[in-house]
Structure formats: structure tokens, C-alpha cells
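Enquirer: One structure, as C-alpha cells, below. Some questions next.
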Amino acid sequence: LRAYLLTSPLMKGEDVSFSTTGVPEVVRGFMLILWNSYKFFLDYVNLSDWSCAKTPKNIRDELTVLDKWILAKLTDLVHQTNKSLDVYDASTPLRLIQDFVVNDLSTWYIRRCRDRASDTVFLSTTYGVLCTICKLLAPFMPFIAENMYRNLTDEESVHLTDFPMGDDTLLDNKLIADMEVVRQLVVIGHGQRKEANLKLRQPLAKFNYQAAEELSSELAEVLADELNVKQIVFDEA
């Protein structure tokens, strides 16, 4: 069977052999995570009676460091997607979108924000992210993107909207890099807990780290909360 398979790493306009091998992995590893993120948002929208109209006019002044980070990552994703599609490369955007949804949106942003899931700023931010993801996915997964987008917006069709170009005012490469440092330190910290047989629910006094520069107080707070430690100490030595 010959077909155009968008998920193929060779997909740049050529014919490729189609195989169902790997489809279950895509469903479990991406589509279900995307749908669960979408459902999580809808559940809290219904619980809090949130609507897009309730988005604060000065929302940018109320964004947390995690909100700013996910919007910066989304903007970077939009730029990279457009850059790839401009040269008829359809496989790279799919991998980037999958990585964003699984590792950034679900595993980090939504999980770290569960304690503010009914917060207006969180819901407004997540709404914008999901709508943009639907638009990015529209050429690749037209029916799922359409279903999600119409339910989110009540608009006629995601396929009648402009393709995202990205808001450069939301892009913050330093924040993206600093958050990556935080996530690397989290892996190290969890590894040290495991080696010492210290459960995560057991709070610790402090966590010392070394890096090119000291993390901001907001990022240090994220790190402390993730590792369940009372103090984060930057070791310049």
C-alpha cells in the first residue's frame, strides 16, 4: 500500500510506504495526552464557569513565570513550524508539536499548575495555547483539530482561520533556557532522592546547585516546590 504519510520522517512531498506499525504508540503517546489536556481544561472551565470573555484585560501583568514560559515555548513552536512548512517539511513540525504537547504542556505546565486549575489566568492561558495547537495541527490532524477548535471557540471551522504566525512579544529565549536548567536540576534532584531512599513527600532543608548563573526567585520557587525542599541555594563555587 502506497500513501502520503505525514508522520513519516521522510515526508517532504514524496510517496512513502504506509504501515500501521507505530500507530498505537502515536495514539497513546500523543493523541490521548492531547485529549486529556483538552479535557482537563474543559472540566475546570465547567467547574469555575470560566469563559473567554472573562480574560483579564491586563492579563500579561498577572502571568506567572510558568504562564510566560509556556507562551514563550508556544511562540517558538509556531516559528519553527512555519519555518519547516516554508520548505515543504511536514515531518519536523509534527515531532515538534508532539514534543510540546507531551513534555511541555502536559508533563510540565499543566501538572505544575494543578493547584491553580480554576484560576482565571491559568484557564485563559491554557485556552490560548489549545486554540493555537488546534490551528497548528489542522493540516495534519484535520478532524481532531476541527472537533477541539469548534468546541473551544464556537467558530465555524479551524480550517477557515489564519495559520498562526507567532507573537514575538511573548518570546523569551532566556526564560526558555532557564526553565530547561530548572528541569535538568529536577531530574538530578529526584535522582539524588532515589539514591538516598528519600521519598518525595518528605521535605528536605535545602538543595544546592551550580549553574552558569543564579536562577530568578520565581524559578527557584518552582524548583523548590518540585523537589519539596525549603531552600534553594546557588553555589557559585
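Enquirer: Assess whether T92 counts as being closer than 21 Å to I110 by Cβ and open to solvent by less than 80 Å² (accessible area, probe 1.4 Å). Spell out the reasoning first.
Expert: Working: closer than 21 Å to I110 by Cβ: no; open to solvent by less than 80 Å² (accessible area, probe 1.4 Å): yes.
For T92, the condition - closer than 21 Å to I110 by Cβ and open to solvent by less than 80 Å² (accessible area, probe 1.4 Å) - is not met.
Enquirer: Find the residue count for region 175-210, including only residues that are of a type in the set (D, E, K, R) and either exposed (fewer than 10 other Cβ atoms within 10 Å of the Cβ) or over 26 Å from the mean Cα position of the chain (by Cα) (or both). Don't jump to the end; show me each part of the working.
Expert: Going through region 175-210, the residues of a type in the set (D, E, K, R) turn out to be 178, 180, 183, 193-195, 199, 201, 206.
Then drop every residue that is not either exposed (fewer than 10 other Cβ atoms within 10 Å of the Cβ) or over 26 Å from the mean Cα position of the chain (by Cα) (or both), which leaves 193-195, 199, 201, 206.
Residues that pass the stated criteria total 6.
Enquirer: Now for a different question. With the condition kept exactly as written, say whether any residue in region 173-181 is modelled with pLDDT of 95 or more and over 30 Å from K135 (Cβ atoms). So that I can check it myself, show each step before the final result.
Expert: Taking region 173-181 and keeping what is modelled with pLDDT of 95 or more, we get 173-181.
If we keep only those that are over 30 Å from K135 (Cβ atoms) as well, we get 181.
Yes, some residue in region 173-181 is modelled with pLDDT of 95 or more and over 30 Å from K135 (Cβ atoms).
Enquirer: Look through region 184-210, keep the residues that are within 19 Å of D115 (Cβ to Cβ) and in contact with a helix residue (DSSP H, G or I) (Cβ under 7 Å, 6 or more places away or on another chain), and return whichever of them is modelled with the highest pLDDT. Break it down into steps so the answer makes sense when it comes.
Expert: At the first step, the residues of region 184-210 found to be within 19 Å of D115 (Cβ to Cβ) are 186, 200-201, 203.
From the residues that got through so far, the ones that are in contact with a helix residue (DSSP H, G or I) (Cβ under 7 Å, 6 or more places away or on another chain) too are 186, 200.
On the way: V186: 97, L200: 93.
Here the residue is V186.
Enquirer: Follow-up question, since we're still on this one. (1) acidic (D, E); (2) more than 21 Å from A177 (Cβ to Cβ); (3) crowded, with 20+ Cβ neighbours inside 10 Å: which one isn't true of D119, the others all being true?
Expert: (3)
Enquirer: Which numbered condition trips up E213, out of (1) out of contact with any helix residue (DSSP H, G or I) (no Cβ under 7 Å at 6 or more places or on another chain); (2) open to solvent by less than 40 Å² (accessible area, probe 1.4 Å)?
Expert: (2)
Enquirer: Only one of (1) open to solvent by less than 40 Å² (accessible area, probe 1.4 Å); (2) in contact with an Asp or Glu (Cβ under 8 Å, 6 or more places away or on another chain) fails for T64. Which number is that?
Expert: So T64 meets the others, but not (1).
Enquirer: Separate question: Pairs needed: first member in region 49-77, among the acidic types (D, E); second member anywhere, surrounded by fewer than 14 Cβ atoms within 10 Å (Cβ to Cβ); C-beta distance under 9 Å; at least 6 residues apart or different chains.
Expert: From residues that are among the acidic types (D, E), the pairs are E62/P56; D76/N173.
Enquirer: Does T169 satisfy the condition of being of a type in the set (S, T, Y), open to solvent by 10 Å² or more (accessible area, probe 1.4 Å) and modelled with pLDDT of 95 or more? Even if it seems obvious, please write down each step before you answer.
Expert: Working: of a type in the set (S, T, Y): yes; open to solvent by 10 Å² or more (accessible area, probe 1.4 Å): yes; modelled with pLDDT of 95 or more: yes.
When the stated conditions are applied, T169 passes them.
Enquirer: Follow-up. If I ask for residues that are open to solvent by 50 Å² or more (accessible area, probe 1.4 Å), free of Cβ contacts under 8 Å to residues at least 40 places away in the same chain and over 18 Å from the mean Cα position of the chain (by Cα), which ones from region 128-150 would you list?
Expert: Within region 128-150, F143, N147, R150 meet the criteria.
The values are calculated or read from the model by the stated rules, or taken from the named source; none is laboratory data. Just so it is clear, the structure is predicted and the values come from calculations on it, not from any experiment. Neighbour counts are summed over all protein chains in view; Cβ atoms, including those assigned to glycine, are modelled from backbone coordinates with ideal geometry. Accessible surface is based on the protein model in full, side chains and every heavy atom, while ligands, DNA and RNA are left aside. Shrake-Rupley method; radii C 1.70, N 1.55, O 1.52, S 1.80 Å.
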